[in-house]
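Right, one structure below, let's go through it.
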Amino acid sequence: MRSILFLLIMSLNIPILCQTLVLENEISFFSNASSFSIGALKDIYVSEGDNNEIIKLDTNGTILKKIGGFGWGSSSFDFPADIFAYSLKIYAADKNNDRIQIFDKDLNYLSEFNMKSKKEEDYFFRRPTCIAISNQGDFIVLDSDNNRILKFDMSGNFNMQIGGLDAGDYSLISPKYFCLDSQGNLYVIDGERIVIFGPFGGGRAILSAPIIPIHISFTGELLINDSSNIYKIDTQDFSITEVLAIPVPEAIIKIEKIDNSYYLLTSNSLAKYKMINE
């Protein structure tokens with residue numbers, strides 16, 4: 001097993017650049033936001049846990065559409081834990097309804113993906129809390145009930161289990177969130193460690209972090225955040241290369257980098273920042 005320690009202050013000749021993010025725009029009317037994603041046309045989609053809603057916004061924060069409410073029918077939710085925009089479709093992890101709901105870019109209901117019609121009970125997912133679509137169009141779902149990640153092809157057929165009980169040292173204990181890089185590698189926040197799997201599900205590395213990681217993302221570069229800072233990670237040696245200081249009073253739930261801007265979600269707001277060198 002390969003284990004690497006993240007250090008906040010690196011030794012030898014590996015400098016860490018400390019930079020500050022400056023606020024450009026902020027949307028502040030959410031009650032308990034759980035996730036967000038930015039679509040191909042730059043529209044913003046936010047899931048609200050308490051209200052069981054998904055909200056579509058433009059870049060100025062104007063509400064374009066809102067769907068949801070508590071329930072188990074189409075376009076209803078029982079805690080939308082995560083949302084993922086891919087191409088012109090929007091995927092929502094409807095946690096307590098054990099399903100993924102799929103919408104078009106205007107939040108019109110298209111279909112849902114669940115295990116009700118499947119026979120392979122060993123690979124059912126329950127209480128999905130994170131979802132991504134690979135470059136090949138595969139569903140990748142965090143099955144929080146069974147502490148594992150499941151991969152399905154674009155037709156909904158089971159492909160593989162990742163981080164399950166049969167993964168040895170790479171078995172997941174308390175997975176919270178994951179992301180994919182451009183090569184198909186999978187980075188999973190598992191308690192206070194980061195577990196990395198290759199494109200075919202094999203374990204690559206286990207990183208022990210002195211920070212408490214909350215979210216991880218990859219949009220050209222690997223970013224991890226705790227409640228108050230963003231850390232840029234080198235995907236070759238997994239060292240921290242930059243620390244971005246964030247002047248916000250609330251804990252960060254999720255981060256995404258789009259073009260040269262950073263989007264930070266808290267339970268009550270979504271803020272857009274630009275970076276300045278100190």
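The values are calculated or read from the model by the stated rules, or taken from the named source; none is laboratory data. None of these values were measured; they are calculated from a predicted model. Positions of Cβ are backbone-derived with ideal geometry, glycine not excepted, and every protein chain shown enters the neighbour counts.
Suppose the filter is farther than 27 Å from residue 44 by Cα and in contact (Cβ under 8 Å) with a residue 60 or more places away in the chain; does residue 169 pass it?
The answer is yes for residue 169.
For residues in region 218-230 being of a type in the set (Ser, Thr, Tyr) and over 14 Å from residue 259 (Cα atoms), which is modelled with the lowest pLDDT?
For region 218-230, the residue satisfying everything is 228.
Taking the criterion of being surrounded by 17 or more Cβ atoms within 10 Å (Cβ to Cβ) and of a type outside the set (D, E, K, R), would at least one residue in region 55-63 satisfy it?
Yes, region 55-63 has at least one match.
If I ask for residues that are on the phi < 0 side of the Ramachandran plot, crowded, with 17+ Cβ neighbours inside 10 Å and assigned to a loop (DSSP other than H, G, I, E, B), which ones from region 158-180 would you list?
Answer for region 158-180, where residues must be on the phi < 0 side of the Ramachandran plot, crowded, with 17+ Cβ neighbours inside 10 Å and assigned to a loop (DSSP other than H, G, I, E, B): 164, 172.
Hey, residue 175 hits all of (1) in contact (Cβ under 8 Å) with a residue 24 or more places away in the chain; (2) more than 15 Å from the chain's Cα centre (by Cα) but one; which does it fall short on?
In the conditions (1) in contact (Cβ under 8 Å) with a residue 24 or more places away in the chain; (2) more than 15 Å from the chain's Cα centre (by Cα), residue 175 misses (2) alone.
If you take the residues of region 181-203 that are assigned to a loop (DSSP other than H, G, I, E, B) and among the acidic types (Asp, Glu), which of them is surrounded by the most Cβ atoms within 10 Å (Cβ to Cβ)?
Out of the qualifying residues, it is 181.
Just the residues that are β-branched (Val, Ile, Thr), surrounded by 12 or more Cβ atoms within 10 Å (Cβ to Cβ) and either part of a strand (DSSP E or B) or modelled with pLDDT of 75 or more (or both), please, taken from region 1-54.
Passing the criteria: 4, 20, 27, 38, 44, 46, 54.
Go through region 142-159 and report how many residues are more than 18 Å from the chain's Cα centre (by Cα) and of a type in the set (D, E, K, R).
Selection size over region 142-159: 1.
Given the options 98, 94, 153, 122, name the one that is without any contact (Cβ under 8 Å) to a residue 12 or more places away in the chain and farther than 16 Å from residue 39 by Cβ.
Unique residue meeting the criteria: 122.
Matching residues to (1) more than 18 Å from the chain's Cα centre (by Cα); (2) aromatic (Phe, Trp, Tyr); (3) buried (at least 16 other Cβ atoms within 10 Å of the Cβ):
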| position | (1), (2), (3) |
| --- | --- |
| 205 | yes, no, yes |
| 216 | no, no, yes |
| 223 | no, no, yes |
| 233 | no, no, yes |
| 237 | yes, no, no |
| 242 | yes, no, yes |
| 255 | no, no, yes |
| 260 | yes, no, no |
| 263 | no, yes, yes |
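Report, ordered by the first and then the second residue, all pairs with beta carbons closer than 6 Å, sequence separation of six or more or different chains, a first member in region 225-241 that is outside any loop (DSSP other than H, G, I, E, B), and a second member that is basic (Lys, Arg).
Within 6 Å, the pairs are 241/232.
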